[in-house]
Structures are given as C-alpha cells and as structure tokens.
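Each value in this text was obtained by applying a stated rule to the coordinates, not by laboratory testing. Keep in mind the model is a prediction, meaning the values are calculated, not measured. Cβ placement follows ideal geometry from the backbone for every residue including glycine, while neighbour counts extend to all protein chains displayed.
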Amino acid sequence: MILLTPELGAALRANDDARRAATIGGQAEPDPVPLVKFFNPCGAATWLATELQEDDDTLFGLADLGFGTPELGYFSLSEIASVRLPFGLCIERDLHFHTGHRLSTWAAWSRRAGSISAAETLLRQLTRAADGDEIPPPVDDEGSG
C-alpha cells in the first residue's frame, strides 16, 4: 500500500508551509485537522499526521505507540514504511479516515482516553450527540484546559 499519495503529500506540505509562514509572521500557529491516519493492523500503534516537511519524510502530528501516552511530535514516514509485521503485514493508511476535529482536540482527547483509537470512538459519539459541531478539547482536572 502507498502510505502517502501525491495529493495527501501536497496537502500535508501546505499545512507545513502555513505553519512556517505563521511563525515567520509572528502569528499564532494554525491548528489543522489531521489529514492522514496510519495504523498497525496487528497492534495498537496509530499516527495522525497534519504536516509533511520539505524532506518529504518528516511528518508532524500525534503519535500513539500503544503505551497509553499519545504525544505530539515528529515522526518519519520512511521508518513507518519500513516496519515489517507478522504474516507479511506492514503499517497501513486508513483509507476511510476523515475528521473535522483539529489536532489539538485529537491530542487532548487521546491523552484523556489513553489512545488515539479510544479517542476516535469518544469523538464519534460526542460528535453524534452534538449534531456534528466541533468538540472542544476536554478541560483537565485543574481547569486549565
């Protein structure tokens, strides 16, 4: 499977360009929606990507390696593509992934739920209950958001 189509790559690069332009211009960084989801079909590892840097390998987004601590950061497309799993399987791209939730929302709910997969279920349920409106990040126990 092709992990990144040219169209997805271009959209991810556009997000990276927008973030860099905002930084250079002294503006707040954008909070885009994840454009692609990669997952381990044999395990819990999941990645949501919002940006692709100029090297066409370094992605930015939310990474969940299955330890209960999803983190924002950078990860390598080539490293993800090189993973070999049992039964000849590899890391796959979720062909049906589409979200209207921003990365900050995914990060907050994933941390609260302990995984991207659990957050996906919660966000789907909350979105249905909110008639499709954007679900804000949860307020933490200290009330600081």
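Just grab the label-to-label distance for Asp56 and Leu95, each label 7 Å out from Cα along the Cβ direction, in nm (one decimal).
2.4
Assign unit charges at the C-beta atoms only (+1 for Lys and Arg, -1 for Asp and Glu), then state the dipole size of the stretch 24-131 relative to its Cα centre in Debye, rounded to the nearest 20.
Here the size comes out at about 560 debye.
Hey, how many Å between the Cα centroid of the stretch 1-25 and the Cα centroid of the stretch 64-86?
Centre-to-centre (Cα) distance: 19 Å.
Would you tally the net charge around Leu77, using a Cβ to Cβ cut-off of less than 9 Å, leaving Leu77 out, and scoring K and R as +1, D and E as -1?
Local net charge: -3.
Which FRET efficiency value, to the nearest 0.05, do you get for Cys42 and Ala10 by plugging their Cβ-Cβ distance into 1/(1 + (r/R0)^6) with R0 = 41 Å?
For R0 = 41 Å, the calculated efficiency reads 0.85.
Would you work out which of Ala11, Thr58, Val36 lies farthest towards the positive end of the dipole of the stretch 1-100, given +1 charges on the beta-carbon of Lys and Arg and -1 on that of Asp and Glu, about the Cα centre?
Val36
Using the alpha carbons of the chain, what is the convex hull volume per residue in cubic angstrom, as a whole number?
122
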